[in-house]
Ligand SMILES: NC(=O)C1=CN([C@@H]2O[C@H](COP(=O)(O)OP(=O)(O)OC[C@H]3O[C@@H](n4cnc5c(N)ncnc54)[C@H](OP(=O)(O)O)[C@@H]3O)[C@@H](O)[C@H]2O)C=CC1
Ligand SMILES: CC(C)(CO)C(=O)C(=O)O
C-alpha cells in the first residue's frame, strides 16, 4: 500500500512514524523548512509507546507525482486550501484521501476538489504536539485513529489501511475502520468542540474549570452541543454522552484541547473550523447559542489581537 502523508506535524508525524515501524513505507509531503529538519534529524517521536528516530522519505508539492493508494491529510484547517493544492498532483483514480482534521466542513471541501468516493471520513483521539525543534511529543495513552467510507460501506481499502496501522508494534496505534464514520465525527465535534470552546474561553483544563465553579456552565455547553448533533441527524450514543457528562464534571480532569495549546503558544487556531461549525449547528438546532458564541468571539478576538502583534510575550 503506497501511503503519502501531507504534513509531518503532531498527527502526521506520529501515525506516519508508527506506520513506518509497522513495515509500511510512507512518504511525507512537507514544506521546505520541515523538509530540512527531517533531512537533518530524521523523524523524532517521544511517546509513552516508545521513542523513534528514523530517516524518512520526503517530497514537496513541486516534486510529488501520482500513484498513491492513500493520502493521509494531517494539516490544520487554516492550511486546508494550500494542502488541497499540494496533494492535487498526487491524487489519481486509485487514491483515497483520509483527513484526520478536527471539525466537519473539510469533507465538503475535499469532495468538491477531488470528487465523492475519493474522500474517507476520519478522526484521531490523541494528545500530541510538534515542538519548535521538530520533535513530536505524544503525551498520554490516547493513540486512536478511526476512519471509514462516508457511504457507510466496509471496503477493502479501509480494511487494508486498518491492517497497515495495526502492524505498528507496542500497541502504539489503535486503528479502527468503522461503518458509521459520519456519526463518529459528529460525536467528536460535540466532545472536542465543547472542550475547545470551554478551555479556550476559560484558558484552563476541564478540572480547573470545574474547580473554578464552572460545572453547570460546562454541562449547559455540552447539552447544547449534543442537541445540535441530534438535530443534524447524528444523536450521540447515550453511553458516550454520559461519559462526557462525567468528564465535564470531574474536578480532577486534566483534559484540554490542542486548540488551547496552540493559543497558549501564540499560534493560529482552528476557531472557525471547530467552534464556528459547532456554533452554526447549535443555532440551526434552535438552542440558546450564547455560550458557544462567547467562545467563538473569544477565539476570533484572539485572532485580531494576534494579527495586531499584541499578544503577551
Ligand atoms: N495535536 C493533537 O493532539 C490533535 C490534533 N487534531 C487535529 O488534527 C489536525 C492536525 O493537527 P496537528 O497534527 O496537531 O497539527 P500540526 O500543526 O502539528 O501539523 C500540521 C502539519 O501540516 C503541515 N502542512 C500544512 N500545510 C501544508 C502544506 N501545504 N504542505 C505540506 N505540509 C503542510 C504543517 O507544516 P509546516 O510545519 O510547514 O507548517 C504542519 O507540520 C488538526 O485539525 C487538529 O485539530 C486532532 C486530534 C488531536
Ligand atoms: C479530543 C482531543 C482533545 C484529543 O484527541 C482533540 O482532538 C484535540 O485536542 O484537538
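Give 146, 131 a once-over and let me know the one that is closer than 22 Å to residue 34 by Cα and assigned by TED's automatic domain parsing to the domain that holds residue 75.
Numbers: 146 fails: closer than 22 Å to residue 34 by Cα.
That would be 131, the only listed residue that is closer than 22 Å to residue 34 by Cα and assigned by TED's automatic domain parsing to the domain that holds residue 75.
Residues 143, 118: which one is modelled with pLDDT of 95 or more, within 16 Å of ligand 2 (Cβ to nearest atom) and on the phi < 0 side of the Ramachandran plot? Spell out the reasoning first.
Numbers: 118 fails: within 16 Å of ligand 2 (Cβ to nearest atom).
Result: 143 is the single residue among 143, 118 that is modelled with pLDDT of 95 or more, within 16 Å of ligand 2 (Cβ to nearest atom) and on the phi < 0 side of the Ramachandran plot.
Taken over the range 110-119, the criterion of being closer than 17 Å to residue 151 by Cα and either surrounded by fewer than 23 Cβ atoms within 10 Å (Cβ to Cβ) or within 11 Å of ligand 1 (Cβ to nearest atom) (or both) is satisfied by 111, 112, 114, 115, 116, 117, 118.
Out of the residues in the range 71-107 that are within 16 Å of ligand 2 (Cβ to nearest atom) and assigned to a helix (DSSP H, G or I), state the one that is surrounded by the fewest Cβ atoms within 10 Å (Cβ to Cβ). My answer is 78.
Residue 68 passes every criterion in (1) surrounded by fewer than 18 Cβ atoms within 10 Å (Cβ to Cβ); (2) not in a strand (DSSP E or B) apart from (1). Tallying residues that are within 19 Å of residue 86 (Cβ to Cβ), in contact with a helix residue (DSSP H, G or I) (Cβ under 7 Å, 6 or more places away or on another chain) and part of a loop (DSSP other than H, G, I, E, B) within the range 42-65 yields 5.
Of the residues examined, residue 26 is one that is more than 27 Å from residue 267 (Cα to Cα) and under 22 Å from the mean Cα position of the chain (by Cα). Residue 39 passes every criterion in (1) surrounded by 14 or more Cβ atoms within 10 Å (Cβ to Cβ); (2) outside any loop (DSSP other than H, G, I, E, B) apart from (1). Could you tell me whether the range 221-229 includes any residue that is in contact with a strand residue (DSSP E or B) (Cβ under 6 Å, 6 or more places away or on another chain) and either assigned by TED's automatic domain parsing to the domain that holds residue 101 or not in a loop (DSSP other than H, G, I, E, B) (or both)? Within the range 221-229 (the criterion being in contact with a strand residue (DSSP E or B) (Cβ under 6 Å, 6 or more places away or on another chain) and either assigned by TED's automatic domain parsing to the domain that holds residue 101 or not in a loop (DSSP other than H, G, I, E, B) (or both)), the answer is no, since none of the residues qualifies. Residue count for the range 120-131 under the criterion of being surrounded by fewer than 22 Cβ atoms within 10 Å (Cβ to Cβ) and closer than 13 Å to residue 261 by Cα: the result is 4.
Condition first: in the same structural domain as residue 33 (by TED's automatic domain parsing) and within 16 Å of ligand 1 (Cβ to nearest atom). Can you find one or more residues in the range 151-159 that meet it? Outline the logic, then answer.
Looking only at the range 151-159, we keep the residues that are in the same structural domain as residue 33 (by TED's automatic domain parsing), and these are 151-159.
Subset that is within 16 Å of ligand 1 (Cβ to nearest atom): none.
No, the range 151-159 has no match at all.
One line per residue, one yes/no per condition, for (1) within 15 Å of ligand 2 (Cβ to nearest atom); (2) farther than 27 Å from residue 3 by Cα; (3) in contact (Cβ under 8 Å) with a residue 24 or more places away in the chain:
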{"site": "154", "(1), (2), (3)": "no, no, yes"}
{"site": "163", "(1), (2), (3)": "no, no, no"}
{"site": "171", "(1), (2), (3)": "no, no, yes"}
{"site": "192", "(1), (2), (3)": "yes, yes, yes"}
{"site": "198", "(1), (2), (3)": "yes, yes, yes"}
{"site": "209", "(1), (2), (3)": "yes, yes, no"}
{"site": "217", "(1), (2), (3)": "no, yes, yes"}
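Looking only at the range 231-282, residues that are part of a loop (DSSP other than H, G, I, E, B), away from ligand 2 (no atom under 15 Å from the Cβ) and without any contact (Cβ under 8 Å) to a residue 24 or more places away in the chain come to 2 in all.
The values are calculated or read from the model by the stated rules, or taken from the named source; none is laboratory data. Computed from a predicted structure; not experimentally measured. Ideal geometry is used to build each Cβ from the backbone, glycine not excepted, and the neighbour counts take in all protein chains shown.
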